[in-house]
Amino acid sequence: MTGAIHVFVGPSLPPSHRPTATPLVFHGPAKQGDVYQLVSSRPCAIAIVDGYFERVPAVWHKEILWAMAEGVHVFGAASMGALRAAELAMFGMRGVGEVFRDFAELLLEDDDEVTLVHGDEASGYRQGSEAMVNVRATLRAAQDLRIISDETRHTLTLHVKECFYPDRSYPEMLEWARGKVPDAELEKLKAHLRSPGGRVDVKRNDALALVDELLHFHSLAPGPKEVPWSFLHTDAWEKVRLSVGRDVHAHRSEVVAADARVLANLKADTDRQMAASREAMVRALSVQHARRDGYRPTASDRASALARLCQRQGLATEPALEQWLQDQNMTRAELERVVNDEACVCRSEILLSAVSDLQLLDLLRATGEYGRLRGA
C-alpha cells in the first residue's frame, strides 16, 4: 500500500470547499471501473462521495467488494457513496453521515434523493438543480423554526419529490407554491431561504464529516482491511474487469520515479524482461487461482510465507529485513500484501504441482529448450 487515501467527489464538495494540505488525494465523481483501477496502486483507503450514472455506467458494487478483498478500506457518504455504503455495509464498507444513515435505516430508498445535475470540474461542479435530501432537510429546519407548518412542509416536499430531478430547485418550488400554501408562510419561507444558512446542504455537511473521519483514520496508520468473506470471480466480473482496462491514476509520486528507473533498467535487458514478464504472469495466475478457489491465507500461512521469503533473501534478522524493505522501496503494509500473495502462490503450486510429462515437453518445445536438451 502507498498509504494514500483517495476521495471521489464533485458537487457535494467542490474544490473551493475542500481542505488543503491534507494527505487526501481528490478525484472527480466516480464511474464504473475507477475503483477497480485505483486498487492496483495499493491505496490505504478509497472514499466515494459523488458518482456518475445514467450517461456513464455507475461505480459497481463488485469493484468495491474487490477493493475490500484486496485489503483496501472503502468509505462512502453524502451521495452515490452513501447509497453504496448502505448497500454494502454488511460486507464492510463504512458509511458516514446523515444521508448514509437514512438509507441504511430505510428512511430513504430512492436513488433520486441524492441525484442532481451539475457542471464539469472546470465550472467547479456548478449545480443546476437541488438534491431532494437537501430540500427535505431545509424544509424540516424551516418547520422547526416555525416558519412553515407541518402541512406546508409536507405539501412542498411531496411536490418537489414528484418533480423530475433536473427540475428540482427552490425557485421552482416557491413559484409552484403560490396559492397552494398560506401566503404568509410562503413569504417567510422566501426570506428564510435568502438568509445565510437558510438552505441546508446535508450532502456537503456529510462530505465534510467524511473528510474529518478520513483524516482521523489516516492518523491511526491502519493496516490492510480484512474481510470475513471470499471474493467470487464470476464471469460477469471478469467481463467488466477486462472491459475496464489497465489504466491507472497517476498519483504514486513518492515512488513513481524509482519504479520508472527499475522498469527502464529491466527493459534494457530484453531477455531478462521477457523472463520476468513470464514469471509475473505465472505469479498473477497463481494468486488468481487461489482466490477463485476461495482460499484465504491464515495467520500461520502468512507466517510461513514470510519465513520462506526471508530465507530466500538471506534475511536472518529484523534489521536485515528493514534494510531489505528500504532497498525494495516497500512499506510494511506492502510487505503484508506481498506475503499474502506468496501464501496464495504456494497453495497454487501445491495444487498444480502434478504437471504431466506431456505438458512439460510442450513447454520445452514452445521455448526451444527441447532441441538443446535433445542434442545434449
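Each reported figure results from applying straightforward, stated rules to the coordinates on display, with no laboratory input. Only a predicted model underlies this, so the values are computations on that prediction, with no experimental measurement involved. All Cβ positions, even for glycine, are placed from backbone atoms using ideal geometry, and neighbour counts span all protein chains on display.
Cut-off is 10 Å between beta-carbons; in what order do ASP112, ASP269, ASP201 appear when sorted fewest neighbours first? Can you show the working numbers first?
Numbers: ASP112 15, ASP269 11, ASP201 21.
The fewest-first ordering by Cβ neighbours comes to ASP269, ASP112, ASP201.
Per residue of segment 94-104, in order, report the coupling 6.51 cos²θ - 1.76 cosθ + 1.60 (Karplus, θ = phi - 60°) as ³J(HN,Hα) in whole Hz, putting x for Gly and Pro.
9, x, 9, x, 5, 5, 4, 4, 5, 6, 5
Label-point separation (nm) for SER40 and ALA276, each offset 7 Å from Cα along Cα-to-Cβ?
About 1.7 nm separates the two model spin labels.
Going by amide H atoms built from the backbone, whose H comes under 5 Å of the H on VAL117, apart from near neighbours?
Those qualifying (amide H under 5 Å, at least 5 residues apart or on another chain) are GLY128, SER129.
Need one number: convex hull volume per residue for segment 127-194, Cα atoms only, in Å³.
Details: hull volume 5.2 nm³, N = 68.
With only Cα atoms used, segment 127-194 gives 76 Å³ per residue.
With the cut-off at 1.5 for a/c, could you classify segment 1-138 from its C-alpha gyration tensor as rounded, prolate or oblate?
Working: a/c = 1.65, a/b = 1.21, b/c = 1.37.
Cα axes put segment 1-138 in the oblate bin.
Test of understanding: ordering LYS31, LYS267 by Cβ neighbours within 10 Å, fewest first, what list do you get?
Details: LYS31 18, LYS267 10.
Final ranking by Cβ density, sparse to dense: LYS267, LYS31.
Per-residue counts of other Cβ atoms within 10 Å, averaged by peptide: what ranking do you get for 185-194, 129-138, highest first? Display every interim value, and only then the final one.
Values: 185-194: 15.8, 129-138: 22.3.
Ranking, from highest mean packing down: 129-138, 185-194.
Just tell me the longest site-free run in the chain, where the sites are chymotrypsin sites (Phe, Trp or Tyr not before Pro) in a DSSP loop having at most 13 other beta-carbon atoms within 10 Å. Don't jump to the answer; show the numbers that get you there.
Numbers: sites that count: PHE164, TRP229.
After excluding every exposed loop site, the longest remaining stretch is 1-163.
Give me the mean projected area, in nm² to one decimal, of the convex hull enclosing the Cα positions of the chain.
Values: hull surface 96.5 nm².
Mean shadow area of the hull around the Cα atoms is 24.1 nm².
List the GluC sites (Glu not before Pro) within segment 1-103 that DSSP assigns to loop and that have no more than 13 neighbouring Cβ atoms inside 10 Å. Mind showing how you got there, number by number?
Working: sites: GLU54, GLU63, GLU70, GLU87, GLU98; in loops: GLU54, GLU70.
Qualifying residues, ordered by number: GLU54.
Given the DSSP H assignment, sum -39500 (n - 2.57) over each helix run of at least 4 residues in the chain and divide by its residue total; what's the result at 222 nm in deg cm²/dmol, nearest 500?
Values: 17 runs with 206 residues, N = 376.
My calculation for the chain gives -17000 deg cm²/dmol from helical runs alone.
Which value, in Å to one decimal place, does the Kirkwood hydrodynamic radius take for segment 46-118 when every pair of different Cα atoms is included? It would help to have the intermediate numbers written out before the result.
Values: mean 1/r = 0.0821 Å⁻¹.
Mean inverse Cα-Cα distance, inverted, gives 12.2 Å.
What pairs in LYS161/LYS239; LYS31/LYS190; LYS31/LYS225 have C-alpha atoms more than 25 Å from each other?
Working: LYS161/LYS239 37 Å; LYS31/LYS190 37 Å; LYS31/LYS225 23 Å.
Exceeds cut-off: LYS161/LYS239; LYS31/LYS190.
DSSP H helices in the chain with Cα extent of 27 Å or more along the helix axis and mean Kyte-Doolittle hydropathy at least -0.5? The partial results should precede the final answer.
Numbers: long enough: 270-292 (33 Å, -0.74); 332-351 (29 Å, -0.10).
The qualifying helices are 332-351.
According to the square roots a ≥ b ≥ c of the eigenvalues of the Cα gyration tensor, what is the shape class of segment 252-351, taking rounded for a/c under 1.5, prolate for a/b larger than b/c otherwise, and oblate for the remainder? Spell out each step's value before the answer.
On the way: a/c = 1.83, a/b = 1.21, b/c = 1.52.
It comes out oblate by the Cα gyration axes.
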